[in-house]
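Beneath this line is the structure, given in structure tokens, with notes to follow.
FYI, it's all coordinate maths here, none of it is from the lab. Just so you know, these numbers come straight off a predicted model, no measurement behind them. Cβ: placed from backbone, ideal geometry, glycine included. Neighbour counts: every protein chain shown.
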Amino acid sequence: MSYKGVRPRLRWGALAAGVAMLVMAPASPATAARLPVGNVQKAMDGLARTPGVVGAIGGVYVDGRPAGAGTAGSRLLNGEGGTIPADSRFAIGSQTKAMVATALLQLVEEGRVGLDDKLAALLPEVAGGLVERADEITVRQLIQHTSGIPDFWSKDGSSEPSFDVFDFTTYYRPIDVVATTRGRPRTGEPGETFAYSNTNYTLLGMIIERVTGRTLAAELDRRLFRPLGMTRSYALTRPPDGIKGPHGHGYYPDSTGTLRDMDHANASWGFGAGNVVSTTHDVSAFQRALDQGRLLPPSLQAVLTGGAAGGKVRQRADGCVDDLYLQGGSGIGYTTLMLYTGDGRRQFEISVTRSVDDATVIPEMAKAGQAVLCPTN
């Protein structure tokens, strides 16, 4: 599992290879014709039949209004706990990253941070060996995953975490998380190579806290959650923080192969990279505002999408009038995926809790999303 982040939008043919990464691009032109919204409950029922899916919820929004919702499977393993409320909260994983990048870019717009400011100048405590070449790495490179800083999640690039996922109680400061990458090989020269790294967003969260004097959680609430009416969203900070209210539980096997309930997975590892809890309504509200240009000016939105370096891939899904785009995230025992139109008018957010690797469920989530936003009858 990984908290995956900002990357060019994916072609439909590349779903299994990496759709769990957050993928963003400039908005596509609005089209005159609109296809109807498909049956969300039917899509969730089909998704819940996927082996390893514990529960699934989804919500579709058109011009900011709910246009369908569904829930299938169960809150707990083996059909226990009843169904997950369709409007319940869930961890959004790397969908957090777009929110963190947006908050940081708003600070750039305000003149409080520069895109070319160096990491060592902003966070002197990570220089001198903790982060190699911190005096060369820029804010822009952190946002766009071209810093070359190794990923804290995995030592070898696999989906297996490099830390004890069953440590539910120890609080790891953001700098402690960054320190776990010391001695790992860099992934490239600063500014030259895209290499996905959660550590970039841990550092961006630290920069936001240093510049504003407020916690990352407070700053996301002040800049995004409250202004956009995301009243049920918040950022996890310390263990044993968890998801408020009835919600789905995800599972992960221990060394004996026994599935463990990961409902209180250690929140401190996700700081900046995947620590937001939200709902289908709230995530859709954020994406709509972002796509409609209400959060950033075009020049800074281009930084978030990769500018000329990428993020401009568009491909029609079969049967769709509109171009569809994807973003998503994954965590220990869960995966989220949003399909949406780049004009900001339609969003369909799906949350799945699971007991298998996310590679098994991602293609089925994408199919469910396409069935709702591109119904064939």
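For region 7-373, what proportion of DSSP beta bridges, expressed in % and rounded to the nearest 5, is antiparallel?
Antiparallel bridges: around 95 percent, rounded to the nearest 5.
Kindly provide the helix-only [θ] at 222 nm of the chain, computed as the sum of -39,500 (n - 2.57) over DSSP H runs of four or more divided by all residues, to the nearest 500 deg cm²/dmol?
-7500 deg cm²/dmol
How would you rank 71-83, 155-167, highest first, on the average number of other Cβ atoms within 10 Å across their residues?
Highest mean packing first, the order is 71-83, 155-167.
Over region 135-256, what relative contact order in percent results from Cα pairs under 8 Å that are six or more residues apart?
29
Does region 7-373 come out rounded, prolate or oblate, given a ≥ b ≥ c as the square roots of the eigenvalues of its C-alpha gyration tensor, rounded meaning a/c under 1.5 and, failing that, prolate meaning a/b above b/c?
Oblate, since a/c reaches 1.5 and b/c is not below a/b.
Could you run the Karplus curve 6.51 cos²θ - 1.76 cosθ + 1.60 with θ = phi - 60° over region 174-183 and give me ³J(HN,Hα) per residue in whole Hz, x for Gly and Pro?
Computed from phi, the couplings for region 174-183 are x, 5, 5, 5, 4, 4, 5, 8, 4, x Hz.
Kindly rank 290-296, 142-148 from highest to lowest mean number of other beta carbons found within 10 Å of each residue.
142-148, 290-296
What is the packing order of peptides 177-190, 90-103, 222-235, taking the mean over residues of other C-beta atoms within 10 Å and listing the highest first?
By packing density, highest mean first, the sequence is 90-103, 222-235, 177-190.
Please state the relative contact order of region 182-310 as a whole percent: Cα pairs under 8 Å, 6+ residues apart?
Answer for region 182-310 is 24 percent.
Quick check: net charge around Q347, other residues with Cβ under 9 Å of its Cβ, Lys/Arg +1 and Asp/Glu -1?
Neighbour charge sum, excluding Q347 itself: +1.
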